[in-house]
Every structure is written in structure tokens, then in C-alpha cells.
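Enquirer: Structure in C-alpha cells, see below.
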Amino acid sequence: MATGSGPPPRNPGWRRVLAPSLAVLAAQHMGSGFAAHAQRAGTVGLDGAARALLTLGPLLLLVRYRFPRTAVWGTSAVTLAYLAAGHPYGPVLLSVVVAGFAALVAGYRYATWGALGLLWTGNLLVAHVLYGRLPPGGDPPGSWGTDLFLAVWMVALCTAGELARVRRAERERRRREAEEAERRRAGEERLRVARELHDVLAHSISVINVQAGVGLALLDSDPAQARTALTTIKAASKEALGEVRQVLAALRSPGEAPRAPAPGLGRLPELTGQAANAGLEVRTTTEGSPVPLPPGADLAAFRIVQEALTNIVRHSGARTARVRIRYGTGTLGLLVEDEGPATGSGPSGGGNGLIGMRERAAALGGTVEAGPRADGGFRVHATLPLRPDDETAPPPRQEEAP
């Protein structure tokens with residue numbers, strides 16, 4: 001926190017600036033009038049110069065937010081001039097209180113301490129050294145009790161200002177943290193939606209691409225088979241559009257429950273059926289006793305298998321694939337592999353699809369291992385913990401796609 005220069009000045013509304021200044025102006029004039037009536041002996045009356053000083057202090061408060069140092073130094077100087085002129089004591093210190101408090105809250109510690117030190121030291125000189133040369137004539141030395149009271153009052157002002165500054169800084173810190181958390185949640189939500197769209201579109205478009213090639217190749221020689229390919233394209237595109245609408249609907253109405261359930265391993269037969277339409281035979285085995293899966297783990301498992309099968313369709317020449325689902329104690333194991341060979345560069349541990357798998361697993365505290373097999377082909381092995389609170393677990397820092 002700055003102590004000399006302070007943070008950028010605030011820009012409050014004119015009512016917040018004007019109303020306290022007018023209140024201090026009225027209090028100083030009225031209070032000093034009562035003080036003049038009670039302290040007639042040994043003081044100079046409230047003449048025009050006194051009224052001018054009582055007015056100048058509140059006027060300086062109008063700039064206490066824009067120029068805090070000017071306000072606190074100015075009000076301290078005006079108050080010292082008022083006291084040195086021998087005018088009656090009263091609420092003349094109110095201007096210094098308001099200006100000093102505003103400067104301390106704004107972070108101008110040194111300026112405030114210096115101005116208050118000037119006022120206290122100047123008052124000591126006036127009360128104990130220069131009293132014989134200043135009006136009113138024959139004025140005795142001031143009371144040390146008054147000086148002690150003034151010192152205690154200044155310490156109290158500095159303490160209150162520091163406490164208010166600390167509370168303001170804490171509020172600002174919490175506000176910044178809340179904004180940062182909101183930006184982080186928005187970024188994580190964008191990443192989640194991008195991952196969902198990638199998984200939906202990559203799988204469906206891969207099936208459409210394969211079937212379109214089959215349809216074109218057989219359009220003249222085998223129209224019936226070409227019709228089957230077109231039927232598969234229609235079904236795959238319809239399903240993709242439905243899932244895309246579901247994702248986008250969640251964005252438009254984040255507070256409403258989704259109209260359709262999220263995909264899970266219960267839809268694995270549909271997934272293998274789509275892969276079969278693309279020419280890939282999928283053999284599925286289950287180990288252990290199936291148990292109901294938490295929604296987050298169920299969706300992640302489905303998307304991981306979907307992405308793994310999509311990669312086989314797109315990047316492998318294999319016509320068969322194996323999917324093994326293993327229900328363990330508190331964990332779910334997934335194994336998807338094919339015998340190859342690879343038809344191109346394909347995934348080799350990188351790429352957006354594999355990154356998406358790892359992000360889904362990491363969000364639940366699991367892992368994904370993907371890479372070529374020693375005897376050819378490719379394998380994806382995922383381990384997901386089955387926690388009932390997997391939806392509320394804080395996600396880790398997301399990695400950027402290359």
C-alpha cells in the first residue's frame with residue numbers, strides 16, 4: 001500500500017462530496033458562535049477574518065478526494081491560523097478530522113502525519129512560546145492538558161483512518177478475487193463447452209466423412225449400400241445437431257436444468273453402432289460389478305471412449321477395436337485399443353482430442369494414458385475415481401491446446 005503518493009484518487013458523486021462539506025461548514029459556524037458566547041473573556045470575537053477561516057476549511061474539503069494532500073495540509077494550516085489569531089475554541093477541528101480521515105483512507109499516510117504534526121507543533125508554539133506576541137493582549141500560556149487532548153485526538157484520528165484504510169483495502173482485495181474467480185469460471189466454462197463441441201462434432205463428422213466416402217464409391221455399383229451410407233449420415237448428423245443444441249441451450253439458460261440427460265456409458269451401444277456404420281467393429285467387455293456412476297464420471301467416461309473410437313476411425317486402418325470397462329473399488333477403468341496400422345500422422349500423445357481426454361479425467365482427479373502399442377496399433381487407458389462429489393470438486397488449472 002502506498003504511503004507517500006497513494007493510489008489514484010476516487011471519483012465519488014458530487015452529493016457525497018458536497019453534503020459533508022456543508023455539514024462541517026454549518027457545524028463550525030454555529031458551534032464557534034456558541035463558543036464565542038461562552039468564552040468572551042480572553043478571546044478575540046468572531047470577526048470577518050474568523051468567519052473567513054471557518055468557511056475556508058470546509059471549502060477545502062470539496063477537493064479531499066481528488067487532492068487529499070492539499071485538503072489535509074490546507075485545513076491544518078487554516079485551523080492553525082484560526083487558533084493563532086486567538087479566536088474562541090470550538091468545532092474548528094472538524095475540517096481537519098474529515099480531511100485527515102479521507103487522506104488516510106486514500107493511503108496518504110505521510111502527508112496526513114506531517115499535516116497533523118504541523119498543527120500540533122504550531123499550536124504548542126502559539127500556546128507556550130508566542131502567546132505574548134499574539135492576540136488577545138495579556139493572554140496567559142495555554143494548558144498542557146489541552147495539548148495532551150489534541151495529541152490523543154490526533155492519534156485516535158490516525159488509528160481510525162488506518163483501520164478504515166485496511167478495511168477498504170480488504171474489500172478491494174475481495175472484489176478483485178471475486179472478479180478473478182468469475183473470469184476463471186468463465187474461462188473454464190468456455191473450455192468445457194469447446195471440449196463438448198469438439199467431442200460431439202469430431203465423432204459425428206468422422207462417421208459422416210467415412211460414410212460419405214463409401215456412398216460416393218458405391219453410388220453407381222451398389223446403390224442399396226450407398227443408400228445405407230446416406231441413411232447413416234442422416235442419423236449421425238441428426239444426433240450431432242441434437243447434442244450441439246443441448247450444449248448451446250445450457251449456455252443460453254445456465255440456471256435451468258438441461259432438457260435431455262447428459263450422455264453416459266448407458267449409451268455405449270449407440271456409440272458402437274455408429275462406429276460399426278463407419279466400418280469399425282467394436283468388441284466391448286465389462287469386468288467387475290457395474291455400479292451407478294456419478295454424472296460427471298459417467299459423462300467423462302462416455303466422451304473418452306467416444307474420442308478414442310473417433311481417433312481409430314480417423315487415423316487407423318484397423319477394422320476392429322476393443323473397449324474394456326472395469327469397475328473397481330472406487331475407480332472406473334477404461335481401455336480402448338486397436339491393432340493398427342496407423343493410416344497417417346494421427347494422434348501420438350498430443351492433439352486437441354487427447355488433451356480433452358486428459359482434461360476430463362484430471363477434472364475428476366483421474367488420469368489418461370495414450371500412446372502406440374508395442375505390437376502396433378494404439379491404446380487409450382483411463383482411470384477415473386468414483387466420488388459422489390465429483391461435480392463439486394474444484395477443477396485443476398487447464399492446459400492450453402497447442
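The values are calculated or read from the model by the stated rules, or taken from the named source; none is laboratory data. The structure presented is a predicted model; accordingly, all values stated were derived computationally and were not measured. All Cβ positions, glycine included, derive from the backbone under ideal geometry; neighbour counts span all protein chains shown. Note: areas computed on protein heavy atoms with side chains; ligands, DNA, RNA excluded. Shrake-Rupley method; radii C 1.70, N 1.55, O 1.52, S 1.80 Å.
Enquirer: Would you please put 14-21, 113-120 in order of how densely packed they are, using the mean number of other Cβ atoms within 10 angstrom per residue and starting with the highest?
Expert: Peptide ranking by packing, descending: 113-120, 14-21.
Enquirer: Kindly give Rg over Rh for the range 205-244, based on alpha-carbon atoms, with the Kirkwood expression for the hydrodynamic radius.
Expert: Dividing the radius of gyration by the Kirkwood radius yields 1.05.
Enquirer: Remind me, relative contact order of the range 105-234 in percent, using alpha carbon pairs under 8 angstrom and six or more residues apart?
Expert: 18 percent.
Enquirer: How much space per residue, in cubic angstrom, does the convex hull of the C-alpha atoms of the range 182-235 take up?
Expert: Spread over its residues, the Cα hull of the range 182-235 gives 51 Å³ apiece.
Enquirer: While we're on this one: Provide 82, 110, 131 ordered by accessible surface of protein heavy atoms (probe 1.4 Å), highest first.
Expert: I get 110, 131, 82, largest accessible area first.
Enquirer: Please compute the contact order of the range 157-250 in relative form: average sequence separation of alpha-carbon pairs under 8 Å and at least six residues apart, divided by the residue count, as a percent.
Expert: RCO, the range 157-250: 26 percent.
Enquirer: Just to verify a number: what accessible area does residue 214 come out at with the full protein assembly present, 1.4 Å probe, Å² rounded to tens?
Expert: The accessible area comes out at roughly 50 Å².
Enquirer: Let me ask something else. Starting with the highest mean, order 56-65, 156-165 by the number of other Cβ atoms within 10 Å, averaged over the residues of each peptide.
Expert: My ranking of the peptides, most packed first, is 56-65, 156-165.
Enquirer: Using the 2.2 N^0.38 Å rule of thumb for compact globular proteins, work out how the range 275-316 stacks up: its C-alpha Rg over that value, please.
Expert: 1.37
Enquirer: What Kirkwood radius, in Å to one decimal, follows from the Cα pairs of the range 115-249?
Expert: 22.9
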